Amino acid sequence: DFLQQALEKDPQYALAWAKLARAYVWQGNIGDLASDEAIIKGQDAAERALAIDPDCAEAYYARANMFRLLSGNWTAALSDYERASALDPHGRVGFDARNGALWIETPASGQVGDLINLLRFDLERNPLDTNVLIDLGYSYQLAGQLEESAAAYRKLLELNPVYSTAWSGLGLTLLLMGDKMEALTIAEKEPDEASRLAVLVK
């Protein structure tokens, strides 16, 4: 709503269009918008940003997330992540773009350690970043480092007890550790229904 208000005041505000694209993609990713609608809205907002500012790193990052999370076009996602990283090599968007690229490359290479190292480095810079903690919890889970995964999820939940997918992530880690009863108790606290059910059916 705030981004749309900003754009009503200044339709040529490229960064607001780019951030609006990110918001639509996130809504599609968590189920607040249907994927098809999120793709249409996200693509439109990102393209508007790039029409105004062809070097808007945030717009390339938003569009890359749309390709990776919603449409499954990983080739296009990698291209946009690389462009965002090149445009903002030392900033937050550039870091997040490199992180996004690793999420694509890791399953093919099996090098989860590279992703974990990047996330741990970012967490050292900002220990309160819950977005890094959620990724770190999942990355440790992928690597089979379950104690570390549980610790990352628990730290996140101390900081934000209503973070979507955190309770389910912890529940799945506990399930993998063999603690079924606690896993079920934890998963029941998940506010996102789809994520909660995904753990409960396991």
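Charged side chains reduced to their Cβ positions (Lys and Arg at +1, Asp and Glu at -1) give the stretch 142-194 a dipole of some 80 debye around its Cα centre. Basic side chains Lys and Arg get +1 at the Cβ, acidic Asp and Glu get -1 at the Cβ, and with that the dipole of the stretch 19-68 about its Cα centre reaches some 100 debye. At 7 Å along the Cα-to-beta-carbon direction for both residue 37 and residue 5, put a label point, then send me their distance in nm to one decimal. Using points 7 Å along Cα→Cβ, the separation is 2.3 nm.
Mean separation of Cα pairs under 8 Å and 6 or more residues apart, divided by the residue count, gives the stretch 83-202 a relative contact order of 15 percent. Probing with 1.4 Å while keeping every protein chain in the model, the per residue accessible area of the stretch 21-98 equals 47 Å².
For the stretch 57-130, with all protein chains in place and a probe radius of 1.4 Å, 52% of the accessible heavy-atom surface sits on carbon or sulfur.
Reported to the nearest whole Å, the Cα centre-to-centre distance from the stretch 55-78 to the stretch 106-157 is 22.
Listed values (i) 27, 21, 18; (ii) 31, 19, 15; (iii) 35, 20, 17 include one computed from this model; for semi-axes √(5λ) of the Cα gyration tensor in Å that value carries the label (ii).
The values are calculated or read from the model by the stated rules, or taken from the named source; none is laboratory data. In this text, all values refer to a predicted model and were calculated from it rather than measured experimentally. Quick reminder, even Gly has a Cβ in these numbers, built from the backbone with ideal geometry, and neighbours come from all protein chains shown. Keep in mind that these areas ignore ligands, DNA and RNA; they rest on the heavy atoms of the full protein, side chains included. Shrake-Rupley method; radii C 1.70, N 1.55, O 1.52, S 1.80 Å.
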